[in-house]
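Taking it in order: structure first as structure tokens, then the write-up.
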Amino acid sequence: MKMEPRLTLVTLGVRDLARAVAFYRDGLGLEKDERWDEIAFFKMGTVILALFPRDELAKDAHVSPEGSGFSGVTLAHNVATEAEVDALLDYVGTVGGKVIAPAEQKVWGGRSGYFTDPDGHLWEIACNPGL
């Protein structure tokens, strides 16, 4: 059996669910599915972003909740113009995110920069003319 080439859900383990929900819902303007209190779901096109308490997510996956540094994963949000990259990175810094790498021109022909959410999950904001 082979896996179908699609991604349906990304779950982020968070230390404080209320704080994380406030960042993504109130700060970034994502619409939360209000049917659950112990986990948060946000529709992002055809993919759902879920927030779940980090310790509970680790327990569910049978792994240690400890971890630090770069996890080897980034999430990306592509925008239509290079100006939007700069504007969104500026905005994220005002609602609880931390800009890690300011926007810059990339060798692949676009512009991008990086921020982290309050739990340190790394996001890239990019304008990629090739997508």
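The values are calculated or read from the model by the stated rules, or taken from the named source; none is laboratory data. Keep in mind it's a predicted model, so treat the numbers as computed, not measured. Every residue, glycine as well, gets a Cβ built from its backbone with ideal geometry; the counts of neighbours run over all protein chains shown.
For the stretch 1-56, how many residues meet the condition of being touching a residue at least 60 places away in the same chain (Cβ under 8 Å) and in contact with a helix residue (DSSP H, G or I) (Cβ under 6 Å, 6 or more places away or on another chain)?
Restricting attention to the stretch 1-56, the residues satisfying the condition of being touching a residue at least 60 places away in the same chain (Cβ under 8 Å) are 10, 12-16, 19-20, 22-24, 26-28, 54.
From the residues that got through so far, the ones that are in contact with a helix residue (DSSP H, G or I) (Cβ under 6 Å, 6 or more places away or on another chain) too are 13-15.
Qualifying residue count, the stretch 1-56: 3.
Against the numbered list (1) in contact with a Leu (Cβ under 6 Å, 6 or more places away or on another chain); (2) modelled with pLDDT under 90, residue 73 comes up short only at (1). Of the strands (runs of 3 or more DSSP E) contained entirely in the stretch 1-84, those carrying at least 1 residues that are outside the structural domain of residue 109 (by TED's automatic domain parsing) and surrounded by 15 or more Cβ atoms within 10 Å (Cβ to Cβ) fall at 9-14, 40-44, 47-53. Screening residue 126 on (1) closer than 22 Å to residue 25 by Cα; (2) small (Gly, Ala, Ser); (3) in a loop (DSSP other than H, G, I, E, B) shows it passes everything except condition (3). If the condition is being touching a residue at least 12 places away in the same chain (Cβ under 8 Å), within 30 Å of residue 55 (Cβ to Cβ) and not in a strand (DSSP E or B), then the stretch 95-121 contributes 95, 96, 97, 117, 118, 119, 121.
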